[in-house]
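Could you have a look at this structure, given as structure tokens, before my questions?
The values are calculated or read from the model by the stated rules, or taken from the named source; none is laboratory data. Note that the coordinates shown come from a computational prediction; the quantities given were computed from them, not determined experimentally. Neighbour counts are summed over all protein chains in view; Cβ atoms, including those assigned to glycine, are modelled from backbone coordinates with ideal geometry. Only protein heavy atoms, including side chains, enter the accessible area calculation; ligands, DNA and RNA are left aside. Shrake-Rupley method; radii C 1.70, N 1.55, O 1.52, S 1.80 Å.
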Amino acid sequence: MVTNGRDVVTTDDEGRYELPAFDNMTVSITQPSGYQVPMDENNVPQFHYNHLPEGSPDLEYGGIEPTGPLPEEINFPVFESEANRAEAQNCVIAGDLQVTDEEEIEYARAGAINDLSERHDYAGCGSLFVGDVANDDLSLYPAIKDLVGETNGPAWFLPGNHDIDFDSSTPDHAFDTFREHMAPEYYSYDVGNVHFVALSLIHI
């Protein structure tokens, strides 16, 4: 399945799809069971593309860099994963990481993150951090990604009310910095026999 945030389509047997395009959209795929989307060096899944030709308005934490014209094609690679296909899964779901500064990042590293780094039984499903990834200081996102780089398996993220670009004048750009660094505001992915639907319930 592929979505532009408004419409959802399925690919054909050759992986092709068509979707309407508009400015300030995020195109993303649903990771299918038995497959894994690529991850960056910090285990953050790479399954979406932001399209914002002129970039975000002037935001304290940067928002989305100008993407320029829409490419002719937006392609999303996946590779087969036996770990993702397994019916029995262990998954980490955690809320309110909500680090305020570098000192609190180190507390997290020495605590729960260290525990997760020593376990490998959740690598197929990975971790889902559900809201308030940072505590208002979105400049910490790179350090947070470095933190989850010590976990095993994909690290999925959802925004909370402390992940907002508070200086955005409209709701359309309130999560631009989160979208640039982490993930869309809402998306889905499959692991084993489970379909995860990750939704942001923040009203702005």
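Keeping to region 110-153, report how many residues are more than 14 Å from the chain's Cα centre (by Cα), open to solvent by 50 Å² or more (accessible area, probe 1.4 Å) and touching a residue at least 12 places away in the same chain (Cβ under 8 Å).
Count: 9.
Here's something else I'd like to know. Looking only at region 72-83, which residues are over 26 Å from P159 (Cα atoms) and surrounded by 17 or more Cβ atoms within 10 Å (Cβ to Cβ)?
Of all residues in region 72-83, those over 26 Å from P159 (Cα atoms) come to 72-73, 79-83.
Selection gives S81, A83.
If A143 passes every condition in (1) small (G, A, S); (2) in contact with a helix residue (DSSP H, G or I) (Cβ under 9 Å, 6 or more places away or on another chain); (3) assigned to a loop (DSSP other than H, G, I, E, B) but one, which one does it miss?
Of everything listed in (1) small (G, A, S); (2) in contact with a helix residue (DSSP H, G or I) (Cβ under 9 Å, 6 or more places away or on another chain); (3) assigned to a loop (DSSP other than H, G, I, E, B), A143 misses just condition (3).
What number of residues in region 5-18 are part of a loop (DSSP other than H, G, I, E, B) and either farther than 15 Å from N75 by Cβ or in contact with a Lys or Arg (Cβ under 9 Å, 6 or more places away or on another chain) (or both)? Quick ask: steps written out before the conclusion?
As a first pass, look at region 5-18 and keep what is part of a loop (DSSP other than H, G, I, E, B): 5-7, 10-18.
If we keep only those that are either farther than 15 Å from N75 by Cβ or in contact with a Lys or Arg (Cβ under 9 Å, 6 or more places away or on another chain) (or both) as well, we get 5-7, 10, 13.
Of the residues in that region, 5 qualify.
Another one. Here are the criteria: (1) surrounded by fewer than 16 Cβ atoms within 10 Å (Cβ to Cβ); (2) of a type outside the set (A, V, I, L, M, F, W, C); (3) over 15 Å from the mean Cα position of the chain (by Cα); (4) within 23 Å of H48 (Cβ to Cβ). Tell me which single one Y107 does not satisfy.
(4)
Quick test of your reading of the structure: Y189 fulfils all but one of (1) without any contact (Cβ under 8 Å) to a residue 60 or more places away in the chain; (2) more than 21 Å from N24 (Cβ to Cβ); (3) among the hydroxyl-bearing types (S, T, Y). Name the failing condition by number.
That leaves (1) as the condition not met.
Now for a different question. Open to solvent by 40 Å² or more (accessible area, probe 1.4 Å) and either not in a loop (DSSP other than H, G, I, E, B) or not basic (K, R) (or both), is that true of A88?
So A88 passes the test.
If you go through region 112-127 one residue at a time, how many are farther than 27 Å from N193 by Cβ and in a loop (DSSP other than H, G, I, E, B)?
Of the residues in that region, 1 qualify.
Are there any pairs with C-beta distances below 8 angstrom linking a residue in region 4-20 that is more than 17 Å from Q31 (Cα to Cα) to a residue that is β-branched (V, I, T) and surrounded by 10 or more Cβ atoms within 10 Å (Cβ to Cβ), with the two at least 6 apart or on different chains, and if so which?
E18/V9; L19/V2; L19/T3; L19/V9; L19/V27
Is it the case that E60 is assigned to a loop (DSSP other than H, G, I, E, B), over 17 Å from the mean Cα position of the chain (by Cα), under 19 Å from P142 (Cβ atoms) and in contact (Cβ under 8 Å) with a residue 60 or more places away in the chain?
yes
Find the residue count for region 1-50, including only residues that are of a type in the set (A, V, I, L, M, F, W, C), open to solvent by 30 Å² or more (accessible area, probe 1.4 Å) and closer than 18 Å to A83 by Cβ. Reasoning before the result, please.
Keep residues of region 1-50 that are of a type in the set (A, V, I, L, M, F, W, C), which gives 1-2, 8-9, 19, 21-22, 25, 27, 29, 37, 39, 44, 47.
Now narrow it down to the ones that are open to solvent by 30 Å² or more (accessible area, probe 1.4 Å): 1, 8-9, 19, 21-22, 39.
Applying the additional criterion that residues be closer than 18 Å to A83 by Cβ yields 39.
Going through region 1-50 one residue at a time, the tally reaches 1.
Same structure, new question: What is the one condition in (1) within 17 Å of the chain's Cα centre (by Cα); (2) without any contact (Cβ under 8 Å) to a residue 12 or more places away in the chain that I93 does not satisfy?
(2)
Name the one entry in P69, P57, P53 that is open to solvent by 20 Å² or more (accessible area, probe 1.4 Å) and touching a His at 6+ places or on another chain (Cβ under 7 Å).
P57
Select from region 165-187 the residues that are in a loop (DSSP other than H, G, I, E, B), within 19 Å of Q98 (Cβ to Cβ) and touching a helix residue (DSSP H, G or I) at 6+ places or on another chain (Cβ under 8 Å) and list them in ascending order. Walk me through how you get there before you give the answer.
The first filter runs over region 165-187 and keeps only residues in a loop (DSSP other than H, G, I, E, B), leaving 165-170, 174-175, 182-186.
So of that shortlist, the ones also within 19 Å of Q98 (Cβ to Cβ) come out as 165-166, 174-175, 182-183, 185.
Listed by number, the residues that qualify are D165, M182, E185.
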